[in-house]
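**Student:** Have a look at the structure that comes next, please.
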Amino acid sequence: MDGVWNVALIEPQKESPKPAKSPRKRTRAVLALPKGLVDPGEKPLATALREVKEETGILAEPVTKLVDIKYVYVRTWGDGERVFKVVSFYLLRYVSGEIDDLTPDMRIEVKRALWVPLGAANRQLAYSNERKVLRLAQDHLETHGMAPEKTS
């Protein structure tokens, strides 16, 4: 990736797209970090690596764990159950693969996956807790001398 840290973001598929209020008004895409549920017997790191591969098409290796974030949401499909989950976020390094090279089954969940430069990704993430994750990643890279050199 030429010494630049990029973030693999996903645009999730929407359950039921709402019509725009005005034909001229553009709605901003909801971009998020890849994440998912821990399978039975699976460790959080294995979940993170699996979800990144499934949702983005890329294979990655761990650099460090960043943070655990607790989520509470109500399912918009099925029974409308309230779901409590903890997502472990990791700083990962790209190994191989093509971004957005997804199986047809994953297209049900993910509209597209894309690379965004780390410095620009914060402005594009839809969720504040995920922006916190990116700040932690940037802090780790700077603290450990891994941040790309700034050019003027």
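**Student:** Out of segment 45-55, which residues are surrounded by fewer than 16 Cβ atoms within 10 Å (Cβ to Cβ) and either of a type in the set (A, V, I, L, M) or more than 15 Å from the chain's Cα centre (by Cα) (or both)? Don't jump to the end; show me each part of the working.
**Tutor:** Taking segment 45-55 first, the residues surrounded by fewer than 16 Cβ atoms within 10 Å (Cβ to Cβ) are 45-46, 50.
Residues satisfying the conditions are 45, 46.
**Student:** Residue 85 - would you say it is among the charged types (D, E, K, R) and either modelled with pLDDT under 95 or surrounded by fewer than 11 Cβ atoms within 10 Å (Cβ to Cβ) (or both)?
**Tutor:** In short, yes.
**Student:** Given the criteria closer than 23 Å to residue 135 by Cα, surrounded by fewer than 17 Cβ atoms within 10 Å (Cβ to Cβ) and in contact with a Gly (Cβ under 9 Å, 6 or more places away or on another chain), does residue 59 qualify?
**Tutor:** When the stated conditions are applied, residue 59 passes them.
**Student:** Please pick out the residue among 93, 112 that is surrounded by fewer than 16 Cβ atoms within 10 Å (Cβ to Cβ), at pLDDT 95 or above, out of contact with any helix residue (DSSP H, G or I) (no Cβ under 8 Å at 6 or more places or on another chain) and part of a strand (DSSP E or B).
**Tutor:** 93
**Student:** Is at least one residue of segment 72-90 of a type in the set (A, V, I, L, M, F, W, C) and outside any strand (DSSP E or B)? Explain how you work it out, then say what you get.
**Tutor:** Just the residues of segment 72-90 that are of a type in the set (A, V, I, L, M, F, W, C), to begin with: 72, 74, 77, 83-84, 86-87, 89.
Narrowing further to those that are outside any strand (DSSP E or B): 77.
Yes; the residues of segment 72-90 include at least one that is of a type in the set (A, V, I, L, M, F, W, C) and outside any strand (DSSP E or B).
The values are calculated or read from the model by the stated rules, or taken from the named source; none is laboratory data. In this text the structure is predicted, and so the values were computed from the model without any measurement. Note: ideal-geometry Cβ built from the backbone for every residue, glycine included; neighbour counts use all protein chains shown.
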